Amino acid sequence: MKRVGMLVVLLALVLAGSMPALAVGKLRVATDATFPPFEYVDEKTREMDGFDIDIIKEIGKRLGMTVEIVNTAWDGLLPGLKTGKYDLVISGMTITDERVMAVDFSDPYFATGQVILVRAGTTDVKEPSDLKGKIVAVQIGTTGQFAAEKIQGLKRIDTYDTTPAAFMALKMRKADAVVTDEMVAREEQQANPGQLQLVGRPFTVEYYGIAVNKGNTQLLRQINRALAQMKADGTYDAIYDKWFGDK
Ligand code: ARG
């Protein structure tokens, strides 16, 4: 009898909205884990890790849901979301006008921009227009590609399935520069001391958002509420410092 009474009280509290929902279900998350420090597979643990991974795990915790993260190729993320394979995508994904036509985005959770990464010792590239006549490597279907396409007179844009593959082309001298998101370029520069250098300042303004299917307003609202709480109570800052404190 006592236990039933407890349950009734709990249920009343949940219904009144004064308590977070109890653990109901699973949040199926997709990410392209080739984008450190946002999402990558840790070589030692074989687990996915990164800023986005920490953010989505914390959101899941606050929603009372288990988080299942699937590592998927970049070009499969939004199609998989559309067909209902995943509930959301978190993948360092920039909120763009084009994508907003296909999916709904959470409030922005990270500000960034495109930068140019070249080999150390490259002296003739100071800004985007200096890439005239050069080969630029990008990850296909990213804002890096879209930004490169706006630069006049490139010799060529070479597209790769992943950002690390574009970095490899640069290191192997198959490309003269990579255009990619600032923190990812910084991470690669740090991982290759003395080999690579970032040029100038970011030349675009972009914001990452978490993508959900159009019309999934309930999930979107829950995500935005969790994000706002995390920003207000210092959890967001702690995760930020963990991944970007040294940058
Ligand atoms: N921010 C860029 C975009 O949205 C690149 C994101 C790439 N993310 C990844 N996990 N590979 O187009």
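Rule-based calculations on the coordinates, nothing more; no lab input. On a predicted model such as this, the values are computed, not experimentally measured, just so you know. Positions of Cβ are backbone-derived with ideal geometry, glycine not excepted, and every protein chain shown enters the neighbour counts.
Some notes on this structure:
- Largest-first ellipsoid semi-axes for region 77-159, taking √(5λ) over the Cα gyration tensor eigenvalues, angstrom: 31, 13, 11
- Relative contact order of region 97-247, taken over Cα pairs closer than 8 Å and 6 or more residues apart, is 36 percent.
- Gyration tensor verdict on region 109-247 (Cα atoms; rounded if a/c is under 1.5, prolate if a/b is larger than b/c, oblate otherwise): prolate
- Highest average packing first - 78-88, 41-51, Cβ atoms within 10 Å: 78-88, 41-51
- For region 29-119: rounded, prolate or oblate by the Cα gyration tensor [a/c cutoff 1.5]: rounded
- The phi torsions of region 82-97, fed into the Karplus equation with coefficients 6.51, -1.76 and 1.60 and a -60° offset, translate into couplings of 4, 7, x, 5, 10, 8, 7, 10, 10, 7, x, 8, 6, 6, 10, 4 Hz, rounded to whole numbers, with Gly and Pro shown as x.
- Annotation: peptides 120-133, 201-214, ranked by per-residue average of other Cβ atoms within 10 Å with the highest first, follow the order 201-214, 120-133.
- Hypothetical label at LYS171: residues of region 134-150 whose amide nitrogen lies under 18 Å (7 Å Cα-Cβ projection): 137-139
- At 1.002 mPa s and 20 °C, Stokes D of the chain from Kirkwood alpha-carbon radius, µm² per second: 110 µm²/s
- For region 195-241, the convex hull drawn through the C-alpha positions has a volume of 142 cubic angstrom per residue.
- Centroid-to-centroid separation of region 173-231 and region 94-126 [C-alpha atoms, Å]: 6 Å
- Lys/Arg +1, Asp/Glu -1 at C-beta; region 199-247 dipole; positive extreme among GLY234, TYR207, GLY245: TYR207
- Among the listed pairs LYS57/LYS82; LYS82/LYS171; LYS26/LYS231; LYS61/LYS171; LYS26/LYS150; LYS85/LYS171, those beyond 29 Å (Cα-Cα): LYS82/LYS171; LYS61/LYS171; LYS26/LYS150; LYS85/LYS171
- Note, ³J(HN,Hα) from phi for region 229-240, Karplus 6.51, -1.76, 1.60, rounded to Hz, x at Gly and Pro: 5, 4, 5, 6, 9, x, 5, 4, 4, 5, 5, 4
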